[in-house]
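Below you'll find the structure I mean.
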Amino acid sequence: MFENIRADLRAYAGDWGAQGFWVMVVYRFGRWRYGVRPALLRKLLSFIYKVLFKLVQIVTGIELPCEVVIGRNFVIDHFGGIVISGYAQFGDDCRIRNGVVVGLKNVNEPIAPVMGNNVDIGSGAKVLGNIRIGNNVVIGANAVVLTDVPDDSVAVGVPATIKKRKYAEARECT
């Protein structure tokens, strides 16, 4: 747990005051408590986690349950209005901003998006449903993504249209 928190602090450039870092500390604590034995101690830690989760949710406006699978260097830029489903998954080096929702498209289908590595999600974007977001993807501000996005792409608009990233085209030509 402490190694992950140190890595998170590096991802936030050592800024202890970053609200995204606070959320990550509570997230890491929530994940860590699953491995605590005996069960009675784990239940006490689960109660503490739930209190901390609610407190950080109220203070920061960020809902990041410990059931989410997150890779290294996950950064929450800006705070407020961020909701991430417990079914979501993120690869390494992902970044999200305020107003982002990553979650279910239908309540009856409890499957949320799976993000690849190096995914950058802009302010106000909504990424919903049983979809896969590839590696090196940028999701534009206020985009609504309801379909798979391949590697090295940009998703913009409502509903999102998907375009190849320009640097990927230049790399293919060489």
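The values are calculated or read from the model by the stated rules, or taken from the named source; none is laboratory data. In this text, all values refer to a predicted model and were calculated from it rather than measured experimentally. Cβ atoms come from the backbone with ideal geometry, glycine included; neighbour counts cover every protein chain shown.
Report, by residue number, each residue of the stretch 28-68 that is in a loop (DSSP other than H, G, I, E, B) and either in the same structural domain as ALA88 (by TED's automatic domain parsing) or closer than 21 Å to ARG95 by Cα (or both).
If we filter the stretch 28-68 for residues that are in a loop (DSSP other than H, G, I, E, B), which is where we start, we get 34-38, 61, 64-68.
Once the filter is applied, which keeps residues that are in a loop (DSSP other than H, G, I, E, B) and either in the same structural domain as ALA88 (by TED's automatic domain parsing) or closer than 21 Å to ARG95 by Cα (or both), the stretch 28-68 yields GLY61, LEU64, PRO65, CYS66, GLU67, VAL68.
Working only within the stretch 1-27, note down all residues that are in a helix (DSSP H, G or I), within 18 Å of GLY61 (Cα to Cα) and not hydroxyl-bearing (Ser, Thr, Tyr).
First pass over the stretch 1-27, keeping only residues in a helix (DSSP H, G or I): 2-11, 19-27.
Narrowing the set further to residues that are within 18 Å of GLY61 (Cα to Cα) leaves 19-27.
Within the stretch 1-27, GLN19, GLY20, PHE21, TRP22, VAL23, MET24, VAL25, VAL26 meet the criteria.
Next up: Considering the stretch 131-147 alone, what residues qualify as being farther than 20 Å from GLY99 by Cα and crowded, with 16+ Cβ neighbours inside 10 Å?
Hits for the stretch 131-147 are GLY134, ASN135, ASN136.
Okay, next question. Based on this model, can you work out whether ASN135 counts as closer than 16 Å to PHE74 by Cα and at pLDDT 95 or above?
Values: closer than 16 Å to PHE74 by Cα: yes; at pLDDT 95 or above: yes.
It is true that ASN135 is closer than 16 Å to PHE74 by Cα and at pLDDT 95 or above.
Okay, moving on. May I ask you to verify whether ILE5 is hydrophobic (A, V, I, L, M, F, W, C) and without any contact (Cβ under 8 Å) to a residue 24 or more places away in the chain?
On the way: hydrophobic (A, V, I, L, M, F, W, C): yes; without any contact (Cβ under 8 Å) to a residue 24 or more places away in the chain: yes.
So ILE5 passes the test.
What pairs can you find where one residue is in the stretch 92-120 and touching a residue at least 12 places away in the same chain (Cβ under 8 Å) and under 18 Å from ILE82 (Cβ atoms), the other is aromatic (Phe, Trp, Tyr) and part of a loop (DSSP other than H, G, I, E, B), and their Cβ atoms are less than 6 Å apart, with a gap of 6+ or different chains?
From residues that are touching a residue at least 12 places away in the same chain (Cβ under 8 Å) and under 18 Å from ILE82 (Cβ atoms), the pairs are CYS94/PHE74; ALA112/TYR87; MET115/PHE90.
Looking at the stretch 3-17, can you tell me whether even one residue there is touching a strand residue (DSSP E or B) at 6+ places or on another chain (Cβ under 9 Å) and closer than 21 Å to GLY103 by Cβ?
So in the stretch 3-17, the residues touching a strand residue (DSSP E or B) at 6+ places or on another chain (Cβ under 9 Å) come out as 8, 11-12.
If we keep only those that are closer than 21 Å to GLY103 by Cβ too, we end up with none.
No, the stretch 3-17 has no match at all.
When the residues of the stretch 46-81 are filtered to those that are closer than 19 Å to ASN118 by Cα and among the β-branched types (Val, Ile, Thr), which remaining residue is surrounded by the fewest Cβ atoms within 10 Å (Cβ to Cβ)?
Going through the qualifying residues, I end up with VAL69.
Same structure again: For PRO113, indicate whether it is within 23 Å of MET24 (Cβ to Cβ) and either crowded, with 16+ Cβ neighbours inside 10 Å or at pLDDT 95 or above (or both).
On the way: within 23 Å of MET24 (Cβ to Cβ): yes; either crowded, with 16+ Cβ neighbours inside 10 Å or at pLDDT 95 or above (or both): yes.
In short, yes.
Separate question: Keeping to the stretch 1-29, report how many residues are of a type in the set (Phe, Trp, Tyr), under 17 Å from the mean Cα position of the chain (by Cα) and within 14 Å of ARG72 (Cα to Cα). Write out each step before concluding.
Applying the first criterion (of a type in the set (Phe, Trp, Tyr)) to the stretch 1-29 yields 2, 12, 16, 21-22, 27, 29.
Next, only the ones that are under 17 Å from the mean Cα position of the chain (by Cα) stay: 12, 21-22, 27, 29.
Narrowing further to those that are within 14 Å of ARG72 (Cα to Cα): 12, 21, 27.
Residues flagged as of a type in the set (Phe, Trp, Tyr), under 17 Å from the mean Cα position of the chain (by Cα) and within 14 Å of ARG72 (Cα to Cα) within the stretch 1-29 amount to 3.
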